[in-house]
Structure formats: C-alpha cells, structure tokens
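Single-structure report; data block below.
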Amino acid sequence: MKYIFTLLTAVLIAPSFAQDISKKEAKGTKNYITNDLPDAIYYYEGVEPSKLSTEGLRNLSNAYRYLFQLEKAESSFAQLVNRSDSKPEDNYFYAEVLLMNGKRDEWKMQMNKFASKMATDSRAIEFAQRKGDFEVFDKKTEELDTLVNMDINTDKEEFGVSYYNDNIVFASSKSNNGVLERKWSWTGFPFLNLYEAHPTAEHQVDGLTRFNKEVNDKYHEGPASFSKDGKLMVFTTNYYEVEPKNEKVRIKMVYAVKNDEGKWGEFQEFKFNSPTYSVGQPALTEDGNTLYFTSDMPGGYGKTDLYKVTRTGDTWSDPINLGDKINTEGREMFPFIHRDGLLFFASDGHIGLGGLDIYVAQATDNRVSEPRNVGAPMNDKYDDFALVLDSVQNMGYVSSNRPGGKGSDDIYSVKLKAPFMVAKEVKLITKNNYGDLIEGVAVTVANGRGEEILNETLAESSGIFLVDNSTPEDYKVTGVKNDYVVTTQSYSLDNTDETPNEVELILQKKEFRLVGNVTDKNSNAPLNNVKVVLVNNDNNTGETYSTDATGGFAAVLEKAKLNQTADYTVKLSKEGYLDNEFKYKVKLDEYGDYIIPTELLAMINLNDIDIVEINAIYFDLDKSNIRPDAAKELDKIVGLLNKYPDLEIELGAHTDCRAPMYYNDALSARRAASSANYIKQRITKPERVYGKGYGENKLLNDCACEPSNESSCSKDAHQKNRRTEFKIIKKGDYDVMIKNNSPISF
C-alpha cells in the first residue's frame, strides 16, 4: 500500500510533453501516469537515454526506484542529474538510490549538491546536522532482541499489521485463485485485501482467514486499525470512481462501529476525504478517540505528511498536521501510536540508512519530541515501515522489502528485550522570587543543540516540554513577563528516571525589598509579631510592618530606583524585649531582596539582661551634702558603672529659686561636684563621670521667684527642684536595660 502514496508524487508532477518526443516515450509516459510501471519502463527503455526528454528520463529513473531496480535507477539518475534542466529533487532521489546501494560517500556528495541548491529544505538542514550519524544508526537497535520472517508471507505483498482483540489483521495482495481476480497494473499483483490470524508463541500465526467480507471489495483494502475494545475500525480503501484513461490512484479512509450484536455497522467516510488527494494508513489510539494517518492533502510539508484527528461522540475534528519536527519535504508514512505515547512512523525525509526507515518520537498533547531513528537491524537500506508493538512493548511486527524475504513486502515478528524510552515529560513551573505561582510567562526552551523545543506564553503557571535525549544535556529555559526581569535558567536533563518530573523557573520581580528575620539574641529563635518601623532618612517618612511566625518581614521600597542608595533607620519593638534601633544603608544596584544582617535584627529578652532603675537625688535647702536617701541612689550608679566599665554618665545639678541667681549657680555646682565625687571615689576609670551645675535655670514647675527671691510654692514643690539628674552618655555593647527616672532636663 505504500506504493500508492509513492506514485501519487509522480502523478502530480507528470509533465506536459513537447510535440517532438518519440512515440515510445509518449507511451511510456501514458503508462507511467496510469501506474503501469513495468510497461512504462518497457517503452522508456526502447528510447536511447540521451534522446529521452528530461521529464521522460526522470520518470524512468523514478520507475526504477519505485520497483527497486536499484542498479538501473542509479545509472539513470546519474544521467539525469547531469542535465542542465535537472531539478534539486533529482539529486535527492539519486542520493537515496546511492544510499540504498551502499555508496555512502557518493550519497554525501549528492546530498551536498542538493543542500547547496535547497539550503532551507528540512532534509538539507537535517543532513548538515546528522550526516555523521550512520555509526549510531548501524548499531543494533538496543531494544531489539529477535527479528523473524513469518510464515504468512507470500511472493506478493504482506504488510501493515494491526491488533484486533487477540488477533492481528494485515494487508496482503496474495492470490485467492479467483477466476475474475483483479490485479493492479503497477505490480501485477492482486489488489490488497485484509486478513486475520491468531499469533502463536513461536513468532508465527494460525487460523489465517480473510477478514470481514463486507470490508474486502474489488480494489485495495488495507491497512486497518482498531480500538483496544475492538468496537471501532478504520481502514483504507480505494476511490472506485476512476477515469479509465487516467487511472490516478486515490485512497480514502472509512470507519465503522460494532453494534450490540457484535456486527459492524454502516461504513462511514471521514469528512476530510477527497478524490483530489489521498488519506490512509490509519492508527487509532487504544481508546479510539484519536486517529493518526497519512495524507498528501494540500498544505502539508512534503509528499506525504502525518496528521491526526480527535473524536468527540460521533464527530471527528479537522485534521491537524503533526508539524515540521515529524514531517519533511519527503514521505512520512505508516504511523502507529503506542499507549506509552510513542509515535512510530516511517520516513525517507529524515536522515536514515536508505529507503523508508522507522523512527520513534514521544507524542503528548500538541507536542512531539525529536524523532529518533531506531537503527539497524530494524532498519536497513531498503524500505522498513509499519512497526507496531503490543501494550507492554514486548512483541510486535514490522514490514520490510529487504532481501531474503519471501515477496515484495514481508511481515517480520519482532521481540524486544527492553521498551523504547524516547522522551520524558517535564513540567515547567513559573514562580516569582517570593515563591508565588505566576501566569502568563512567555517561555522558550532550547535543548543542548540550540534547537527550540517550546515557545509559548503559559496561560497558567506551568507548561510541559519533552526531554528526548538519553544523556544529560543543558536545557535553557527563558521566561519573559512584564514587570519582571528576563530570566534564563539552565537545567541538566535527560529522559531517564534521574531527571525530575518538574523544574521551576524563578522570575525576579522588578522591585526592591528590605527583608530580614528578627530573632532572640541568645536563643536565635525567630520572633513573630515584632513591630518593625522603617524610617526613610531622606524624607523622614516611615512604614510599619510586623514579623511573621518565621520572624521574617519584607518591605517593598515603592519609589526606589536602580542604583539609588537606600538610607533607613530600623526600629524594632516587642513586649518583653529591649527595643532595638539602628541605621541601615545599601546601594540598590540590582532588583531583588536586600537582606539586613541577622545580627543587627537580634533582640534582647528582658529576662536575659540586667534591668537597673536609677532616680534623681535630692538635697536639703541650701545644702550640697549627700543625704542618706541620695546615697542609696548613688550606690546603684556606682554598682552599674563598676559592672559595665564602658558606661559613661553625666550629672546635672539644680537648685530651687529661693536665693540670688549667682548664689544658686554656685550651689548647684557644689551639688554636682559632691554627687560626682561620691561616685568617682568608688569606681574604676572615674573620668567616666562628670557633671555641671545649672542653678535655678531648669525648674521643673512654676516655682520661679526672681527678682524678689520669694515664692508662694510649698516646700514639696521647691524640693522637686533641688535635685541631681543623671544622663547615660555612653552605654556600650552590654545586655543591660537602664530605666532612668531622672527628668533629664539638661
């Protein structure tokens, strides 16, 4: 059946001939157009090759190629490519024939010529990338164990196996010895019919019968495909309405559904069938809801492309081309979709060993991986196609016209020692730098060869791409989104179990944050519900935050700009802890988080420190001596200064108003001196204590009495003004809390 698609190309490019061509060439062309290749060759060979038109020589070359008369094809193409009006495609097919004849160096030379003329052709591009891959292709297929030619093969064609319940169904042109048996002019074989048989453990079959008689009709039928439950069948058949003098071969697909009685219902045509092109070689998924097939319908990439349609109820979608990863300017044919998502197909457009080679790719949703040639001996320099595998990838069947078989195309039973593992789905998750999922990221993914394998804007916060190499390589993922920094991340991935099923792409938001974690200074435990006040020292504005259970806080610097210096005062407060305040300055030279050092954010638990309360001391009227109650307060200060040797204190001594001002100035100076001397005599480094008298200039109430030096205030009111106050000048790095009850009026 593959020849039907092959010849279609020749039909579509059949020439218009000039009037001076020979009668034999004209007859050869007529037979070529009507698919009678043996007769076409007979008449073409009756003309001296140099006297054939270029189109006639091209048709002869292709006829040899189609019928695998490869030595003649090589000789004919050698003459064709030297014609001044030859086409780049002639070089390509000549190269293909050379490859099938085992002449790889000559193949490379012709492919180089083809590539020089058709630089943008996908076959030329792939040739440049993979022309050295033969050593890989030649290696025995790692997954293959045995390859056995089956007894069902005849001297005709057998190919295109599909699974049907516990049996297999395949296409064959074997003779049924009928009196009126129709034969196809191209091969001289009977038209294809479908046959059914039951596989045995010995790689053979028994119970061979013709498939349903309603399916097998007078022209080609097959190959076919079935859903796993055997209730849906799709098969290929001819258009029967052909013009007698212009017998162009067109094929179509029809489908039928079994009724409750187990009988096939009415055969229905697909809405995309057309007598102007062909569709065929169906391959259903197990659930019967997706159908892959081959077609040369307009709008494809090459001579035949692979397509798929999906079923919803009784309705099939419009065909979807599988894209330029799978399809080339050549022929892609015989798809088979395995339950593991593996798409097997045959192609002469991808670089291979010759003729049709079998390739495998991972297919998922609307994505397919890079196809991989399955290698020898599954492939050789002839046509190898129509590989199918059972559900566990243990056994299967492949078709080939390689030498050593029984007929034109033979079916081979294959046994695998390991399943194919072509690609792995990897889920890409997009997040911002705060760990939140983000949608609408424009993502591109490139593999280690620089080939773009994904380019889309993720409607949600994740997308799928396929990793299709077995050795780790760096996959570069780039994400673009408004208000975020363009981010590129590399991941070393392969299609093995070691590769994670998910990777994350973290995008940095275009903003600045001051972040930190507040902890207990002694235990390092995080502190929640800490009040954090950030005061911008440039404009004296502040924002208040609260730490979470992790002790963390994050402050977005709303109006900050790149390369600006942020200058803040940070104030921390929490009940049961000593207040903490410090300045923090940093240059904002890139977007992101600026982490305040943890040591700056440590808070001191009041239970872990000394808490010392000091009060002002008081004097008797017109006295500067230290009273017993004042001595007790001064002794607290002495103890504090001896325990914390870096502590410094300033004293301010005051009087009430009941004396001349100059007298009160002198009296306050004596009071300051007596207070300071009391402390200095009892501490180390006495220079840490110094004082000053302020007279009556810092009264704490309205008890002023200038100029008469008399006042109506009570004794208690005047007593409040006769005091010495204490101011902590330098605390030092001590875990101590000093509650100073002094008024500190100076």
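Angle between the Cα long axis of helix 628-643 and the longest principal axis of the chain, 0 to 90 degrees, nearest 10?
The angle comes out at about 40 degrees.
State, as an integer percentage, the relative contact order of region 496-581 based on alpha-carbon contacts under 8 Å between residues 6 or more apart. If you can, show how the numbers build up before the last one.
Values: 131 pairs, mean separation 25.1, N = 86.
The normalised contact order for region 496-581 reaches 29 percent.
Got the relative contact order for the chain handy, in percent, Cα pairs under 8 Å and 6 or more residues apart?
Relative contact order comes out at 7 percent.
I'd like to know how region 512-607 sits against the 2.2 N^0.38 Å rule of thumb: what's its Cα Rg over that expected value?
Its radius of gyration relative to the 2.2 N^0.38 Å reference: 1.06.
Viscosity 1.567 mPa s, temperature 4 °C: Stokes-Einstein D of region 609-740 from its Kirkwood Cα radius, in µm² per second?
Roughly 85 µm²/s, to the nearest whole number.
How large is Rg/Rh for region 683-746, to two decimals, with Cα atoms and a Kirkwood Rh?
Values: Rg = 16.0 Å, Rh = 14.6 Å.
Taking Rh as the inverse mean 1/r over Cα pairs, Rg/Rh reads 1.09.
Taking R0 as 45 Å, what's the FRET efficiency between Ile595 and Glu452 from their Cβ-Cβ distance, rounded to 0.05?
About 0.80, to the nearest 0.05.
Ranked highest first by the average count of other Cβ atoms within 10 Å around their residues, in what order do 24-33, 634-643 fall?
Listed from highest to lowest mean packing, they are 24-33, 634-643.
Please go through region 537-631 and write out the GluC sites (Glu not before Pro) that DSSP classes as loop and that have at most 13 other C-beta atoms within 10 Å. Mind dumping the intermediate values first?
Numbers: sites: Glu543, Glu558, Glu575, Glu581, Glu590, Glu599, Glu613; in loops: Glu558, Glu575, Glu590.
In loop regions of region 537-631 (DSSP not H, G, I, E or B), the sparsely surrounded GluC sites (Glu not before Pro) are Glu558, Glu575, Glu590.
Which loop GluC sites (Glu not before Pro) in region 423-461, with loop taken from DSSP, have no more than 16 other Cβ atoms within 10 angstrom of their Cβ?
Of the GluC sites (Glu not before Pro), the ones in loops of region 423-461 whose Cβ has at most 16 other Cβ atoms within 10 Å are Glu439, Glu451, Glu460.
Apply 1/(1 + (r/R0)^6) to the Cβ-Cβ distance of Ala704 and Asn563, taking R0 = 41 Å, and write down the FRET efficiency to the nearest 0.05.
So the FRET efficiency works out to roughly 0.10.
Ratio to report: Rg/Rh of region 37-81, with Cα atoms as the point set and Rh obtained by the Kirkwood method; give two decimals.
0.91
If I model a spin label at Gln204 and Ser461 as a point 7 Å from the Cα along the Cα→Cβ vector, what separation in nanometres do I get?
With each label point 7 Å from Cα toward Cβ, the separation is 6.2 nm.
In whole Å, what is the distance between the alpha-carbon centres of region 577-607 and region 648-715?
Centre-to-centre (Cα) distance: 41 Å.
Peptides 296-306, 146-156: what's the order by average Cβ count within 10 Å, highest mean first? Intermediate results must be reported in sequence, preceding the final value.
On the way: 296-306: 20.0, 146-156: 16.9.
Result, highest mean Cβ count within 10 Å first: 296-306, 146-156.
Over the Cα atoms, compute the radius of gyration (one decimal) and Dmax (the largest Cα-Cα distance, rounded to a whole number) for region 424-505, in Å.
Rg then Dmax for region 424-505, in Å: 12.2, 37.
Can you tell me the relative contact order of region 276-382? Whole percent, Cα pairs under 8 Å, sequence separation 6 or more.
Normalised by residue count, the contact order of region 276-382 is 19 percent.
Can you list the equivalent-ellipsoid semi-axes of the chain, largest first and in whole Å, using the square root of 5 times each Cα gyration tensor eigenvalue?
Value: 99, 26, 21 Å, ordered largest first.
Quick one: work out Rg over Rh on the C-alpha atoms of region 144-416, Rh as Kirkwood radius. It would help to have the intermediate numbers written out before the result.
Details: Rg = 17.4 Å, Rh = 18.8 Å.
Rg/Rh: 0.93.
Counting other C-beta atoms within 10 Å, and keeping those with at most 14, which DSSP coil GluC sites (Glu not before Pro) do you find in region 686-746?
Values: sites: Glu687, Glu696, Glu710, Glu725; in loops: Glu696, Glu710.
Sites meeting the loop and neighbour criteria: Glu710.
Using a Förster radius of 22 Å, what is the FRET efficiency between Asp155 and Phe68 based on their Cβ-Cβ separation? Nearest 0.05, please. Display every interim value, and only then the final one.
Details: r = 15 Å, r/R0 = 0.66.
My answer for the efficiency is 0.90.
What net charge is computed for the residues neighbouring Thr569, neighbours being all others with C-beta under 9 Å from the C-beta of Thr569, Lys and Arg scored +1, Asp and Glu -1?
Net charge around Thr569: 0.
Compute the angle between helix 661-680 and the longest alpha-carbon principal axis of the chain, please, reported from 0 to 90 degrees and rounded to the nearest 10.
For helix 661-680, the angle is close to 60 degrees.
Express as a percent, rounded to the nearest 5, the fraction of DSSP beta bridges in the chain (both residues included) that run antiparallel.
85 percent
Just so you know, all these numbers are worked out from the coordinates, no wet-lab data involved. Not measured: the values here are computed from a predicted model. FYI the Cβ positions are ideal-geometry reconstructions off the backbone, even for glycines, and counts take in every protein chain you see.
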